[in-house]
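Below is one structure, written out as structure tokens, with a few remarks after it.
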Amino acid sequence: MNHNVLDVLMYLFETFAEHDEATDQGVLRQELLQAGFGAPEVDRALDWLEDLNRDPDHPFPSAPGAHSVRLYSPLELSRMDTACRGYLVYLEQAGILSPRSREIVIDRLMALGAGEIDVEQVKWVTLMVLYSQAEQENAFARMEDLVFEENTGLVH
């Protein structure tokens, strides 16, 4: 099977998010390998999660201000197209992401590895970031609705 890190993370999120107790990384690794994911992708996904939960001030020592303007680096621009960047602006304007959360989402998107990032990846990573942050229940619930909403193709 050809899986990437986000596939592993999505599987983990969908399978283990409802568990109240923390699951040992060794147990998670074994379960992921048994589910058919490759060892390199499993190890990178577990590292990704560890980095997400390591330091609440990561990736920056001081949070951006509420009225700060986000300028993207050339690497970020090469991986996130206008639709992705626009979606992040939408989430921030809708009150789902704070400037600090936006930065964590961008950091975690870039940590997925090489390749272009699409809006679906932005949605999933945002959902995982909000899930990991204390006191973000409302933002998480709103984001969960956006991730799992059915697109019927009908215009309201």
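One line per residue, one yes/no per condition, for (1) in contact with a Phe, Trp or Tyr (Cβ under 8 Å, 6 or more places away or on another chain); (2) among the charged types (D, E, K, R); (3) at pLDDT 85 or above; (4) over 20 Å from residue 123 (Cα atoms):
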{"residue": "3", "(1), (2), (3), (4)": "yes, no, no, no"}
{"residue": "14", "(1), (2), (3), (4)": "no, yes, yes, no"}
{"residue": "26", "(1), (2), (3), (4)": "no, no, yes, yes"}
{"residue": "32", "(1), (2), (3), (4)": "yes, no, yes, yes"}
{"residue": "43", "(1), (2), (3), (4)": "no, yes, yes, yes"}
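Does residue 96 satisfy the condition of being β-branched (Val, Ile, Thr), over 24 Å from residue 8 (Cβ atoms), surrounded by 10 or more Cβ atoms within 10 Å (Cβ to Cβ) and modelled with pLDDT of 90 or more? Yes: the conditions hold for residue 96.
Does residue 107 count as surrounded by fewer than 19 Cβ atoms within 10 Å (Cβ to Cβ), touching a residue at least 40 places away in the same chain (Cβ under 8 Å) and outside the structural domain of residue 44 (by TED's automatic domain parsing)?
Working: surrounded by fewer than 19 Cβ atoms within 10 Å (Cβ to Cβ): yes; touching a residue at least 40 places away in the same chain (Cβ under 8 Å): yes; outside the structural domain of residue 44 (by TED's automatic domain parsing): yes.
So residue 107 passes the test.
Annotation: of all residues in segment 58-73 being more than 20 Å from residue 96 (Cβ to Cβ) and surrounded by 10 or more Cβ atoms within 10 Å (Cβ to Cβ), the one that is modelled with the lowest pLDDT is 58.
Let me confirm something: among 29, 79, 102, which residue is surrounded by 14 or more Cβ atoms within 10 Å (Cβ to Cβ) and without any contact (Cβ under 8 Å) to a residue 24 or more places away in the chain?
Values: 79 fails: without any contact (Cβ under 8 Å) to a residue 24 or more places away in the chain; 102 fails: without any contact (Cβ under 8 Å) to a residue 24 or more places away in the chain.
None of the other options fit; the residue is 29.
Between 114, 134, the distinction of being farther than 26 Å from residue 4 by Cα and part of a loop (DSSP other than H, G, I, E, B) belongs to 134 only. Somewhere in segment 52-63, is a residue in contact (Cβ under 8 Å) with a residue 24 or more places away in the chain and part of a helix (DSSP H, G or I)? Yes, segment 52-63 has at least one match. Would you please name the residue that is nearest to residue 44 (Cα to Cα), looking only at residues in segment 92-111 that are over 13 Å from the mean Cα position of the chain (by Cα) and part of a helix (DSSP H, G or I)? That would be 100. The set of residues from segment 45-57 being modelled with pLDDT under 90 and more than 24 Å from residue 119 (Cβ to Cβ) comprises 50, 53, 54, 55, 56, 57.
The values are calculated or read from the model by the stated rules, or taken from the named source; none is laboratory data. Small disclaimer: the values here were computed from a predicted structure and weren't measured. A quick note on method: Cβ atoms are made from the backbone with ideal geometry, for glycine too, and the neighbour counts reach across all protein chains shown.
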